[in-house]
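Below you'll find the structure, written out as structure tokens, and then a few comments.
The values are calculated or read from the model by the stated rules, or taken from the named source; none is laboratory data. All values reported here derive from a predicted model rather than from experimental measurement. Here Cβ is always computed from backbone atoms with ideal geometry, including for glycine, and neighbour counts include all displayed protein chains. For accessibility, only protein heavy atoms count, side chains too; no ligands or nucleic acids. Shrake-Rupley method; radii C 1.70, N 1.55, O 1.52, S 1.80 Å.
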Amino acid sequence: MPKFKLLPMLIAAALSCAGTASFAGGFSFSFEWGGIPSCTTGRPKTVPNPVFALKDVPAGTTWIYFKLVDKNVPGYDHGGGWVAYNGQARIEPGAFKYKSPCPPGGKHTYEWTATAKSKKSAMGKAIGSAKAAKEYP
């Protein structure tokens, strides 16, 4: 293929990847388990959310839905909750309650997913999402 025909295809591919990378690479968060009660019995307790430190929340976000999944037992519903977003960099404990991590005898990896939305609706379109995972205990 002549070089002059290949160049537009390479530019289009680069622009396509750049758009995807900027969306995927922006929104992020971290969390700390905090002072939740120790639990390794397999019977979770209902506890306040951990502290979430947010970064690069997408423009237009007014709500963030947080959901916890045990990567070792993904079928168990730990729940999550909605948090109103008005530009804050941190979500403090007590914004919602969920079922704590509580692996029966051993460590499990738990993953929070944060979904940014313009409306508080499970059916609404996501503006962006991010994930953060840690082992417990």
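When you check Lys55 against the structure, is it under 26 Å from Gly35 (Cβ atoms), modelled with pLDDT of 95 or more and among the basic types (Lys, Arg), yes or no? If you could, list the steps in order and put the result at the bottom.
Details: under 26 Å from Gly35 (Cβ atoms): yes; modelled with pLDDT of 95 or more: yes; among the basic types (Lys, Arg): yes.
Yes, satisfied.
So which residues in segment 99-137 are open to solvent by 70 Å² or more (accessible area, probe 1.4 Å) and touching a Phe, Trp or Tyr at 6+ places or on another chain (Cβ under 6 Å), if there are any at all?
Lys120, the sole residue that qualifies.
If we only count strands (runs of 3 or more DSSP E) wholly inside segment 91-137, which ones have 1 or more residues that are touching a Lys or Arg at 6+ places or on another chain (Cβ under 7 Å) and among the small types (Gly, Ala, Ser)? Steps first, please.
Values: elements: 97-99, 108-117, 126-136.
Correct list: 126-136.
Could you check segment 55-90 and list, in sequence order, the residues that are part of a strand (DSSP E or B), surrounded by 14 or more Cβ atoms within 10 Å (Cβ to Cβ) and without any contact (Cβ under 8 Å) to a residue 40 or more places away in the chain?
If we filter segment 55-90 for residues that are part of a strand (DSSP E or B), which is where we start, we get 55, 63-70, 80-84, 90.
Retained after the next criterion (residues that are surrounded by 14 or more Cβ atoms within 10 Å (Cβ to Cβ)): 63-70, 80-83.
The answer is Gly80, Gly81, Trp82, Val83.
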